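Structure, as structure tokens:
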Amino acid sequence: MSSIETLRRIIELERTRNYDDKAVMGGLGSFLRRWTAELTVEDKATLSRFQQLATEGAAYSTWPKTRRKDWSGELAACLGMAWATPKAQAARPARRNSSTAPPPTLDSAISTVKSLNASMAEKLGKLGVQTMRDLLYLFPRRHIDYSQRKRISELVEGQDQTIIANVWQADARPLGRMRGTEAVVGDETGNIRVVWFNQPYLAQRLTANSRVVISGKVSVFRGERLFESPEWEILEEKDLVHTGRLVPVYPLTRGLYPRQMRGFMKRILDTWAWQAGEFLPGDTRQRCGLLQLPEALHQAHFPDSSELKGRARERLAFDELLLLQLGVQGRRREWQEDQQGHPLGAGSGALDRFMGLLPFILTAEQRKALEEILADIGQSRPMCRLLQGDVGSGKTVVATSALVVAADNGCQGALMAPTQILAEQHFRTLARLLPPEDGGPEDRIFRHSGLMSRPITIALLTGNTREKQKDELCQRISAGKVDVVIGTHALIQESVEFNRLAMVVVDEQHRFGVMQRSALRQKGFNPHMLVMTATPIPRTLALTLYGDLDVSTINQLPPGRQKVKTKWLDPEKRSSAYEFVRKQVREGHQAFVVCPLIEESEVIEARAAVTEHERLSREVFPDLKLDMLHGRMSGAEKEDIMRRFKAHEFDILVSTPVVEVGIDVPNATVMLVEGADRFGLSQLHQFRGRVGRGEAQSYCMLLAEKPSDEARERLAIIEWTYDGFALAEEDMRLRGPGEFFGTRQSGLPDLRMARLTDMAILEKAREEALRIFQKDPELQRPEHQALSKEMARMWKHEAERS
């Protein structure tokens, strides 16, 4: 069968399935990307149209069904299928002279634009610029304020300021060990000397009696005021670019220079910004008092004033947050609309029997979260819920309850964790809550009787599972002989097929991308989805990032959990800290020592776990038993070390930040964090949560060699704040969302202008998104067509990266 015929059959099947994106495994968008790469079509115009549709279709899974139908009709027209819509048939590409290229658009690759040479395109590519639109959205990192114009007699030392003056003379001459340019300029109030080091060619540009604008700082040399290497430009009719205004400072790479980049970006904006069509509905823009898009782009790069710079940022940040909101709300609607899931009832008594096995009673907030989950999964509409709670708040037992209910209904459940060690911790936790009658953690599978009319079977599947054992587990999962599967990314591999998956739990939500969550969800017939995070997120922010999820919060520690006494220590108190650790060990307890890196780094002066373990063993605690843990160890090695630490076979565990999540040792009472200034508040709070899990008072000691002012503020805050949500707010305020969530917020479009701490803009965008979505959930109205296209473009870009 030809590749064209294969695609025809898939498109026909997609149509008969009412565009549910299940005609081909992995979704139609990802299939088309692979199919187009292998396609051979003699007609270049047709091939180009196929490629264009495939590129658009990357975001197919995020579209409403009406948009899927229109797009499929256009693809059907290219394939010559009879049911293609008249509109799509009309859009079918006609043969034309292949030498006639269409004019470039904002979505054209920068390499196709005649005004950009290949060398410049390559350099811009290193900055992540692929299209002309990317170039317009390559915003300055900051602006230098050269807008304060003064006369020469008014100049003061050390401030950014601007003068307009006549050039009296300019000569190339030696300046120290290098040649440069020295000029004398003046206005009606006096003269001043200006020097540019290593730039002798400027003498030819600064001709006598020309009018020049100079911006920079004035210094004093041998009692004489002068400008040293300031920005300059000849005063002409055209707009100032480098001086006399708020001057942009762009990100650069090798071969790009500040002055060159500013001039280039000014030309690009003047030529291309008008093509950025307005996509916000008129009433939304007016109600929110926002600039029009082309004007906002100009003012973001070359603002006429600080006020207009702020208004430009507000408009562009609003755009990003609105599109993000519409995308996640659309995703939620698509997931729940007309989807029949598995209603899971909890009335058989299995859940009550599970509660009876627990050595504790659920807190009020645990019970409330569980009631919300049970209400959701009792319906045929699939659940989409975020469960967030502080370290040690008891989220796992709530999630396990939902998995037990799924198993009791004859269905399967899956729990996916971001790391092997966390998956193994969950597996051990379930083995503790449900004592095995056969098998156990070492066997990666066990059974427990007493909850249901049959035994419940729980298995662990991670990347380091031996191939033979993995094949056996996959067969049992496929046959429905495993009720609950716990694992890592291994669960979304094609070789893992479930029999009747009805409940999916994803732990540490912010570490998973949308595509990874979706891949696991597609393993079942519209399973219920519960995602958990131990990184507390402010509610408004959670609703923005996870607008496709309802939110449950556990902000109450179980009874008996004590506050961990926390102290930030100066380096000279290191000996006292070590003595305190020794005292705790003598009393029968254990300790963690956390170091930021595995290998020494000159850039980050943090003690590596490897060298620190050797030093502590030899010089500080030669009479105690130490071992170490780091991310480069195999899963079996890590599991063995944690098993031995928990069994108290040694006293002190020296570890890299792999200890942040998933490790539960009730006998450990001391957490000593080296290089504490290198971590954010939320991560330090996670470390602190590794101790205090037993009955004894626990302690967290933070050591920092040379903390910055900002780090000092962080360390002072964590000494007196134990509320994870309050710490999360402070962490985002101090470090920004990029560092708070990691390198980038996984699974969501990049935010180039918005900051997730922009609560006022965020609230406004959410309010407008809800207003638009309630009136026109599929964005079909004429006034929403441009908005729909922009949202699809933004989310398509994310789909291509994932």
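The values are calculated or read from the model by the stated rules, or taken from the named source; none is laboratory data. Since the model is a prediction, treat every value here as computed from it, not as a measurement. Please note: Cβ atoms are built from the backbone with ideal geometry, for glycine as well, and neighbour counts cover all protein chains shown. Surface areas here come from the heavy atoms of the whole protein model, side chains and all, with no ligands, DNA or RNA. Shrake-Rupley method; radii C 1.70, N 1.55, O 1.52, S 1.80 Å.
Out of V247, V241, which single residue is on the phi < 0 side of the Ramachandran plot, assigned to a loop (DSSP other than H, G, I, E, B) and not basic (K, R)?
From the options V247, V241, the qualifying one is V241.
Across the stretch 147-201, what is the number of residues that are in a strand (DSSP E or B), touching a residue at least 12 places away in the same chain (Cβ under 8 Å) and of a type outside the set (D, E, K, R)?
26
Only residues that are assigned to a helix (DSSP H, G or I) and either within 14 Å of A312 (Cβ to Cβ) or open to solvent by less than 10 Å² (accessible area, probe 1.4 Å) (or both): list them for the stretch 269-278, please.
L269, A273, listed by residue number.
Name the pairs: first residue in the stretch 465-485 and open to solvent by 80 Å² or more (accessible area, probe 1.4 Å), second residue part of a helix (DSSP H, G or I), Cβ to Cβ under 9 Å, at least 6 apart or on different chains?
If the second residue must be part of a helix (DSSP H, G or I), the pairs left are K481/Q475.
Just give me the residues in the stretch 212-227 being touching a residue at least 12 places away in the same chain (Cβ under 8 Å) and surrounded by fewer than 15 Cβ atoms within 10 Å (Cβ to Cβ), in sequence order.
S219, V220, E224
What's the total number of residues in the stretch 415-448 that are of a type in the set (F, W, Y) and more than 24 Å from P657 (Cβ to Cβ)?
The number of residues fulfilling the criteria is 1.
Would you kindly identify the strands (runs of 3 or more DSSP E) lying entirely within the stretch 395-472 that contain at least 2 residues that are in contact with a Gly (Cβ under 6 Å, 6 or more places away or on another chain)?
Fully inside the stretch 395-472 and qualifying: 445-448.
All but one of (1) of a type outside the set (A, V, I, L, M); (2) open to solvent by 50 Å² or more (accessible area, probe 1.4 Å); (3) at pLDDT 70 or above hold for F498; which doesn't?
(2)
Looking for something out of contact with any Lys or Arg (no Cβ under 6 Å at 6 or more places or on another chain), surrounded by fewer than 19 Cβ atoms within 10 Å (Cβ to Cβ) and modelled with pLDDT of 80 or more - is there at least one such residue anywhere in the stretch 84-97?
no
Test of understanding: among R259, R267, R285, which residue is out of contact with any Cys (no Cβ under 8 Å at 6 or more places or on another chain), among the basic types (K, R) and at pLDDT 90 or above?
R285
Restricting to the stretch 190-211, and then to whatever is in contact with a helix residue (DSSP H, G or I) (Cβ under 8 Å, 6 or more places away or on another chain) and open to solvent by less than 50 Å² (accessible area, probe 1.4 Å), can you tell me which residue is farthest from I152 (Cα to Cα)?
W196
Across the stretch 228-238, what is the number of residues that are at pLDDT 90 or above, part of a strand (DSSP E or B) and either open to solvent by 20 Å² or more (accessible area, probe 1.4 Å) or among the β-branched types (V, I, T) (or both)?
The number of residues fulfilling the criteria is 2.
I'd like the full set of residues that are open to solvent by 20 Å² or more (accessible area, probe 1.4 Å) and assigned to a helix (DSSP H, G or I), limited to the stretch 250-268.
P258, R259, Q260, K266, R267
Of the residues L461, L415, L434, which is under 20 Å from M642 (Cα atoms) and either open to solvent by 20 Å² or more (accessible area, probe 1.4 Å) or not hydroxyl-bearing (S, T, Y) (or both)?
L461
Given the conditions (1) free of Cβ contacts under 8 Å to residues at least 60 places away in the same chain; (2) under 19 Å from R205 (Cα atoms); (3) in contact with a helix residue (DSSP H, G or I) (Cβ under 6 Å, 6 or more places away or on another chain), and given that W274 satisfies all but one, which numbered condition is not satisfied?
Among (1) free of Cβ contacts under 8 Å to residues at least 60 places away in the same chain; (2) under 19 Å from R205 (Cα atoms); (3) in contact with a helix residue (DSSP H, G or I) (Cβ under 6 Å, 6 or more places away or on another chain), W274 violates only (2).
Run down L322, L326 and say which single residue is in contact with an Asp or Glu (Cβ under 9 Å, 6 or more places away or on another chain) and more than 30 Å from T429 (Cα to Cα).
L322
Counting only residues that are at pLDDT 85 or above and open to solvent by less than 10 Å² (accessible area, probe 1.4 Å), how many does the stretch 650-678 have?
Adding up the residues that qualify gives 14.
Could you list, in sequence order, the residues of the stretch 557-579 that are acidic (D, E) and outside any helix (DSSP H, G or I)?
D570
Tally time: how many residues in the stretch 444-462 are out of contact with any strand residue (DSSP E or B) (no Cβ under 9 Å at 6 or more places or on another chain) and either over 22 Å from A399 (Cα atoms) or of a type in the set (A, V, I, L, M) (or both)?
Looking only at that region, the number is 2.
Taking only the stretch 102-137 into account, find how many residues are out of contact with any strand residue (DSSP E or B) (no Cβ under 8 Å at 6 or more places or on another chain), open to solvent by 20 Å² or more (accessible area, probe 1.4 Å) and either free of Cβ contacts under 8 Å to residues at least 24 places away in the same chain or not in a helix (DSSP H, G or I) (or both).
16
Yes or no, residue by residue, for (1) free of Cβ contacts under 8 Å to residues at least 24 places away in the same chain; (2) part of a helix (DSSP H, G or I):
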{"residue": "P666", "(1), (2)": "no, no"}
{"residue": "L672", "(1), (2)": "no, no"}
{"residue": "Q686", "(1), (2)": "no, yes"}
{"residue": "A711", "(1), (2)": "no, yes"}
{"residue": "I717", "(1), (2)": "no, yes"}
{"residue": "A726", "(1), (2)": "yes, yes"}
{"residue": "E730", "(1), (2)": "no, yes"}
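Say whether the condition of being in contact (Cβ under 8 Å) with a residue 40 or more places away in the chain and closer than 24 Å to E767 by Cβ is met by at least one residue in the stretch 298-305.
Checked the stretch 298-305: at least one residue is in contact (Cβ under 8 Å) with a residue 40 or more places away in the chain and closer than 24 Å to E767 by Cβ.
Of the conditions (1) in a loop (DSSP other than H, G, I, E, B); (2) closer than 17 Å to A350 by Cβ, A502 clears all except one; give me its number.
For A502, the failing item is (1).
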